[in-house]
Amino acid sequence: MENLPIVDFHTHYDVSQVMQNKPWTHPIQAFLGRPASMLGPSDTNYGFDHYVAQLMMDQGVREELVYGKIDLESPTPEQDRQFDDERFEAMIGALAKAPGSEVTLWTKIALERVFQVTLPLTLENATAIREAVQLQIEKPEFRPQEILEAGNVHYALTTDDPTSDLSHHGQPTKGPRLLPTWRPDAVLIMEVQGELGRYNFVQWIEKLGKTTNREIASLDQLENALEDRLNYFVENGCIASDIGIPNFVAEPCTRQEAAEIFGRYMKCKNYTAEEHKS
């Protein structure tokens, strides 16, 4: 089984990083990363591991360390690196407190099998682990495409919002073919606590409208826009959907009632809790 080709049907890869084969510059980028909302215009998106993030939050790690929000207006490269060092130490410290967690197990496997780092996962070893990984990621054989090729990954499916640009998907020089998956959570969850802020359903609908060059003020228009994007996904190799809804609470209603509720929501008028469930 170990030598069979891998079809990885759920990843959070940043496709442009894989396609361009951009190396990591700090170990924290390989194991945690930053949410897209925390990135500046010139920052590379290395992805974000929400499983590691949740474990760190559960252990009481400060939110800015988890999400990579440095508390400086214009940090120098040295300050950025010191902050990433602190994030890595906080991550190792949190993992060390959860030895039975699958997240800790995954991290140990990645350290040992990918980066050949066998030091025990303890807070005391955090600096030594970081330095050992740093030496590896500076080598050409530890770039994304080389790692995926060495792991015998043939296909990798990414997680993509309906508004995502899929132009980077396809076949890189080395490694797996990258295929998108349809992740329509944003249209199914009107309100949810997100990364350092509240997700805004109306803003997302406006983004969908700009992406499809459509006005979206009615339920019919929303469905037409989503159908446009689904066809675009299929044209770019999409063969699966990936849906994550924390709390699926619904009340039955007619299509006319649903259309009226959606119209009021888009006009930012009041709606009841029961209508929200509909």
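The values are calculated or read from the model by the stated rules, or taken from the named source; none is laboratory data. Values in this document were obtained by computation on a predicted structure and should not be read as measured data. Using ideal geometry, Cβ is built from the backbone for each residue, glycine included, and neighbour counts are taken over all protein chains shown.
Here are the numbers for the structure shown:
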{"item": "Unmet requirement for residue 98, which otherwise passes all of (1) in a helix (DSSP H, G or I); (2) of a type outside the set (S, T, N, Q); (3) modelled with pLDDT of 95 or more", "result": "(1)"}
{"item": "Subset of the stretch 52-98 (residues that are β-branched (Val, Ile, Thr) and surrounded by fewer than 20 Cβ atoms within 10 Å (Cβ to Cβ))", "result": "61, 70, 76"}
{"item": "Residue among 147, 129 that alone is surrounded by 19 or more Cβ atoms within 10 Å (Cβ to Cβ), in contact with a Leu (Cβ under 6 Å, 6 or more places away or on another chain), in contact (Cβ under 8 Å) with a residue 12 or more places away in the chain and closer than 28 Å to residue 83 by Cβ", "result": "129"}
{"item": "Which numbered condition residue 152 misses (of (1) touching a Leu at 6+ places or on another chain (Cβ under 8 Å); (2) at negative phi)", "result": "(2)"}
{"item": "When residues of the stretch 185-229 are limited to those that are among the polar types (S, T, N, Q) and either surrounded by 17 or more Cβ atoms within 10 Å (Cβ to Cβ) or at pLDDT 90 or above (or both), the one nearest to the chain's Cα centre (by Cα)", "result": "211"}
{"item": "Among the residues listed as 115, 48, 142, the single one being touching a strand residue (DSSP E or B) at 6+ places or on another chain (Cβ under 8 Å), under 22 Å from residue 17 (Cα atoms) and crowded, with 19+ Cβ neighbours inside 10 Å", "result": "48"}
